[in-house]
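Engineer: So that we are looking at the same thing, I have put the structure below in structure tokens.
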Amino acid sequence: MTDRSSPCSSLRVAGLLRRCAGLVRRCAGIVGLLALLCALGACRSAPDKRLLQYLNEDGFGRRYKGNAEQENYVTLGDGVTWVDAVNAANRGTGKVDIDGTIIVPECGAVSVAGFTRSEIEALLTQKLAPYYQRTEIQVQITTKAKNYYIFGEVGQAGPKPLPGDWTIFDAVMTSGPKDHTANLGRVKLIRADPQDPFVSVLNVADMLRTGDSTFNVLIQENDIVIVPPTLLAQVGYFIGDLVSPFTTVFATVFQSLFAINNFNNFGKFNNNGIF
């Protein structure tokens with residue numbers, strides 16, 4: 001007796017194998033696509049070797065740094081004035097150029113950027129020794145390039161010269177905080193550093209209310225102060241951003257309609273020059 005179920009079973013098995021093969025191909029395609037996406041993501045996240053040599057490793061990122069309030073130091077744009085207490089003719093003034101040098105008549109270009117006052121005095125004494133039997137160099141630094149930065153809800157944002165002995169209260173109040181939008185209770189102080197950045201939120205409004213100056217910290221060179229908006233101001237700015245595109249479109253449409261209306265009315269004057 002012939003088994004009639006064998007051809008049907010073979011067909012079912014063959015169909016099942018084809019479906020399994022199709023499923024395997026789809027899975028392989030998905031795996032390949034995921035591998036490609038991972039490879040592309042890895043390519044994007046891999047650091048550029050050229051960038052690594054320029055990354056900042058210390059402090060704010062400037063070449064010349066120090067604590068000017070402990071002992072003033074020279075950076076680009078500062079002025080250096082030197083006088084010799086022994087030789088009255090040995091004196092001069094120079095501005096620190098972009099390469100960090102000043103011009104001393106007897107010595108030419110002398111690199112002083114990053115040096116403190118006492119270090120410059122010692123350096124100039126050494127440089128001028130071949131020209132004078134005895135010198136007593138005294139140096140004065142005219143600071144022009146030491147700043148801090150303030151942003152946010154203030155009338156005068158941007159870089160500000162650091163006068164020294166300057167507190168967070170001084171920085172905020174001299175920049176003109178906006179009356180209805182400045183959140184003086186959440187003023188942020190940022191001291192940038194790649195290894196140990198310092199970020200603190202200070203309550204300047206509490207100083208005005210209670211007189212407690214515990215957190216009236218001193219501002220340092222390159223500090224960043226941010227005066228944020230109040231919650232109500234943030235909501236207003238958000239709504240303004242949403243409405244702004246529509247108001248721009250409506251204003252353009254109304255201007256166009258007004259221009260068309262004026263064009264259509266052009267020439268509709270009577271002899272007396274009126275409509």
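Engineer: Ratio of the stretch 195-249's C-alpha Rg to 2.2 N^0.38 Å, to two decimals?
Structural biologist: Working: Rg = 17.4 Å, N = 55, 2.2 N^0.38 = 10.1 Å.
Cα-based Rg divided by the globular estimate yields 1.72.
Engineer: Would you work out which of Tyr131, Gln156, Val112 lies farthest towards the positive end of the dipole of the stretch 86-224? Charges go on Cβ: Lys and Arg +1, Asp and Glu -1.
Structural biologist: Tyr131
Engineer: Only Lys, Arg, Asp and Glu count, each charged at its Cβ (+1, +1, -1, -1), so figure out the dipole size of the stretch 79-142 about its Cα centre, rounded to 20 debye.
Structural biologist: Charge dipole of the stretch 79-142: 100 debye, to the nearest 20.
Engineer: Another question, then. For the stretch 166-221, what is Rg from Cα atoms divided by 2.2 N^0.38 Å, rounded to two decimals?
Structural biologist: Its radius of gyration relative to the 2.2 N^0.38 Å reference: 1.17.
Engineer: Still on this model: Per the Kirkwood treatment, what hydrodynamic radius in Å, one decimal, follows for the stretch 79-142 from the mean inverse distance over all distinct Cα pairs? Provide the component values of the computation, followed by the final result.
Structural biologist: Numbers: mean 1/r = 0.0861 Å⁻¹.
After inverting the pairwise mean of 1/r, the radius is 11.6 Å.
Engineer: Let me ask something else about it. Which translational diffusion coefficient, to the nearest whole µm²/s, is obtained for the stretch 109-246 from the Stokes-Einstein equation, given a Kirkwood hydrodynamic radius over C-alpha pairs, 25 °C and 0.890 mPa s? Spell out each step's value before the answer.
Structural biologist: On the way: Rh = 18.3 Å.
Reported coefficient: 134 µm²/s.
Engineer: Also, I was wondering about something else. Let me have the relative contact order for the stretch 79-142, percent, based on Cα pairs under 8 Å that are six or more residues apart.
Structural biologist: Across the stretch 79-142, relative contact order equals 40 percent.
Engineer: Let me spell out the model: positive unit charges on the Cβ of Lys and Arg, negative unit charges on the Cβ of Asp and Glu, origin at the Cα centre of the stretch 122-174. What dipole size does that give, in debye rounded to 20?
Structural biologist: The calculation lands at about 340 debye.
Engineer: What is the magnitude of the charge dipole of the stretch 147-231 about its Cα centre, with +1 placed on the Cβ of each Lys and Arg, -1 on the Cβ of each Asp and Glu, and no other charges, expressed in debye to the nearest 20?
Structural biologist: 240
Laboratory data are not the source of any read-out in this text; all were calculated from the coordinates shown. Just so it is clear, the structure is predicted and the values come from calculations on it, not from any experiment. In this analysis, Cβ positions are derived from the backbone assuming ideal geometry, glycine residues included, and neighbour counts consider all displayed protein chains.
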